[in-house]
Structures are given as structure tokens and as C-alpha cells.
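The structure under discussion appears below in the form of C-alpha cells.
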Amino acid sequence: QELVKTFPIHGGIFSRKVGEVRAVDQVSFDVFPGETLGLVGESGCGKSTTGRSILRLYEPTSGEIEFEGKSLLKLSQEEMRRTRRDLQMVFQDPFASLNPRQKIADILEEPLIVHGIGNAKERKEQVLELLRVVGLDKHHASRYPHQFSGGQRQRIGIARALSVKPKLIVADEPVSALDVSIQSQVLNLMEDLQEQFGLTYIFIAHDLSVVKHISDRVGVMYLGRMVELTHRDELYQNPLHPYTQALLSAVPIPNPEVNRERILLQGDVPSPADPPKGCAFHPRCPYVMDVCKKERPEFVDKGNGHFVACHLIS
Ligand code: SF4
Ligand code: MG
């Protein structure tokens, strides 16, 4: 079965909306300037595809992606090359995305050359500045990727994304491969950079604990559909969708007065290529009703921008 995806992204510097993303066939969300939108779900849920589609690293089979009023899928290669400056990506494994034979200085200079930014001297200066803002040293410029730790490599990946002064950064599990102690350093760095450069983030993760502190809003995806989307605090305090509730029950909480039982989901995640009819979550849902097997619940705003797709909530 073909996945049909539409991801309209609107907005711009003067608009309050930087993005609206509609995934598959009934999901849409806005990304506001300067915010971090967390996208969470198990592997195969479509969160990476969503992120990559926005950058056109992945071509949706149909649909539309708009950014700042431009329809990205209709842009020529040349126009997309220019627009891509505004839309950058940080990958899970920075090592895999850094050329092992290139010095860090060359890795960071490359996007500047591609986009025709500055002369050789200005680019050299900018590379040193980039190293500084991500917490690395100018001596690092002449080293190769293998000479860095995982955390440092992710700083290099972030510096490279930052080099062309993007507006939106899609970070696809940027800390998943790092030790927990290093994770928070990289998350703090990303928050500092967001404030400093007015960045908007779409931050993809496979569990709710990683995105808790960095996100302003969080969207939960399941089998290529958004099942819940709301403000961060609202999601963690008042999760409406049974899948979100199950995910959250696995997140340790510091408050012992809140007695939250671990909800164990039955069965495996079905193939995203052939999702169950009706509510795609129904084979694993503890609250499944007859209607859930037949009718797909609409993704609707339950008030104050708390979106959910579940027949229990109407
Ligand atoms: Fe569960 Fe039905 Fe809600 Fe789906 S629609 S999450 S099966 S209660
Ligand atoms: Mg933030």
C-alpha cells in the first residue's frame, strides 16, 4: 500500500506560522518560529520520513510541502538548492554523515562553498566562529572526524547545519547514539543555539523522555499517523491517547506521589506499509471498541490546540 503524504509548511519571518505539516492523509501540524516541535514514536512510525520529506531528502509520492509560501515539491533543483539553506538536518549518527578523509575545517567550509557564501578568508573565519559557538576549539579545525568523541562529532554535525544560517533544523534522533551524560550537554547546546540564532527545531526521538525538556510542543506518531499533538506540559500531564499514555508510563517520573502504572502494550508494531483498518492502534489498544476496528478516528482539536485521534475522546 502506498503511503500518501502531504506536508504543507507555511510561514516565514513575518508570519506566525513557519510550518504546517500534514502527514499521510489526515494529520497536520504547525511549526511556530523559534519553537521546538518534538516528534516521537517507535521506529517505522513515519517520524523520520516526515522530517526528511520537509527537506526533500525523501520525495513523498504525492502531496505538498510549503515553506514560506513556496511549494517545495514544485521548486526547480536550483530553487530548491537555494531554499535548502533555510532547512538543514542534523543526523543521528554524525560519524556516518562526516567524510572521514576531510578535515573538520573542510567539512564546515563545504556548505559555505556550495551556497556561495563569502570569500576564502571570510569562510576560514566563519569556520573558526562555528567551532566556537558549538563549544569546540580552533585547534580542532585541522583534525579528522575519527579524532573526536561521539558528542564532539555531534557538535560538528550541528556546526555544519548551522553554517548556512538556516531557519529550520530537523534533528533526527540527534542524541540517541550518545551516552546519557553527553545527551544533556548536546541538548543544552541546541537550546542555547536556538535562542542565539532564532532557530526553529523539529526534534525527532523514539521516546518521550528525550524530548521532554527541549520541546515546546510534542507530536506522537504511530504507523505513519499523528495520534496526539499538544503543548509539552499538557501532553505529559494530561495524555489523552492510549498510545501516548502507554509511552508515558515507560518514562520514569521524579514525583513519587504520582502513582503511574506501567502500561504494557500487547503485540508487535504492525507493518507501516499495511496498517490495521480503522484506528491503526486497535490491535494493541487496551480500550479497543468495535468502532475502532472499522472507522479511523479523526485527528481533531479538543481545545487549546490539544489534537488527538481516538474514538474514546469525543
Ligand atoms: Fe484505542 Fe479505539 Fe482510541 Fe484507537 S480509537 S486508541 S483503538 S480507543
Ligand atoms: Mg525551546
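The values are calculated or read from the model by the stated rules, or taken from the named source; none is laboratory data. Every value quoted in this text rests on a predicted model; they were computed, and no experiment measured them. Here the Cβ positions follow ideal geometry from the backbone for every residue, glycine too, while neighbour counts run over all protein chains shown.
Does region 156-166 contain at least one residue that is within 17 Å of D30 (Cα to Cα), in contact with a Lys or Arg (Cβ under 6 Å, 6 or more places away or on another chain) and away from ligand 1 (no atom under 16 Å from the Cβ)? Break it down into steps so the answer makes sense when it comes.
Narrowing region 156-166 to residues within 17 Å of D30 (Cα to Cα): none.
The answer is no, given that none of the residues of region 156-166 is within 17 Å of D30 (Cα to Cα), in contact with a Lys or Arg (Cβ under 6 Å, 6 or more places away or on another chain) and away from ligand 1 (no atom under 16 Å from the Cβ).
Name the residues in region 75-123 that are among the basic types (K, R) and surrounded by fewer than 14 Cβ atoms within 10 Å (Cβ to Cβ), would you? First the steps, then the outcome.
Taking region 75-123 as the starting set, the residues that turn out to be among the basic types (K, R) are 81-82, 84-85, 101, 103, 121, 123.
Scanning region 75-123 gives R81, R82, R101, K121.
Among the residues of region 284-314, write down those that are surrounded by 17 or more Cβ atoms within 10 Å (Cβ to Cβ) and either of a type in the set (S, T, N, Q) or in a helix (DSSP H, G or I) (or both).
R284, C292
Out of (1) modelled with pLDDT under 90; (2) charged (D, E, K, R); (3) crowded, with 19+ Cβ neighbours inside 10 Å, the odd one out for R262 is which?
The number of the failed condition is (3).
So which of H206, H241 is over 20 Å from Y287 (Cβ atoms) and of a type outside the set (A, V, I, L, M)? Give the steps one after another, and end with the answer.
Values: H241 fails: over 20 Å from Y287 (Cβ atoms).
Among H206, H241, only H206 is over 20 Å from Y287 (Cβ atoms) and of a type outside the set (A, V, I, L, M).
For region 186-210, enumerate the residues that are in contact with a helix residue (DSSP H, G or I) (Cβ under 6 Å, 6 or more places away or on another chain) and without any contact (Cβ under 8 Å) to a residue 40 or more places away in the chain.
Matches in region 186-210: V186 only.
So which residues in region 171-229 are over 16 Å from H241 (Cβ atoms) and either within 16 Å of ligand 1 (Cβ to nearest atom) or in a strand (DSSP E or B) (or both)?
Listed by number, the residues that qualify are A171, D172, T200, Y201, I202, F203, I204, A205.
What number of residues within region 262-314 are more than 13 Å from ligand 1 (Cβ to nearest atom) and among the β-branched types (V, I, T)?
Counting residues in region 262-314 that are more than 13 Å from ligand 1 (Cβ to nearest atom) and among the β-branched types (V, I, T) gives 1.
So which residues in region 114-135 are aliphatic (A, V, I, L, M), more than 13 Å from A159 (Cβ to Cβ) and at pLDDT 95 or above? Reasoning before the result, please.
Step one: filter region 114-135 for residues aliphatic (A, V, I, L, M), giving 114, 117, 120, 127-128, 130-131, 133-134.
In the following step, the residues that additionally are more than 13 Å from A159 (Cβ to Cβ) were identified as 114, 117, 120.
Listed by number, the list holds a single entry, A120.
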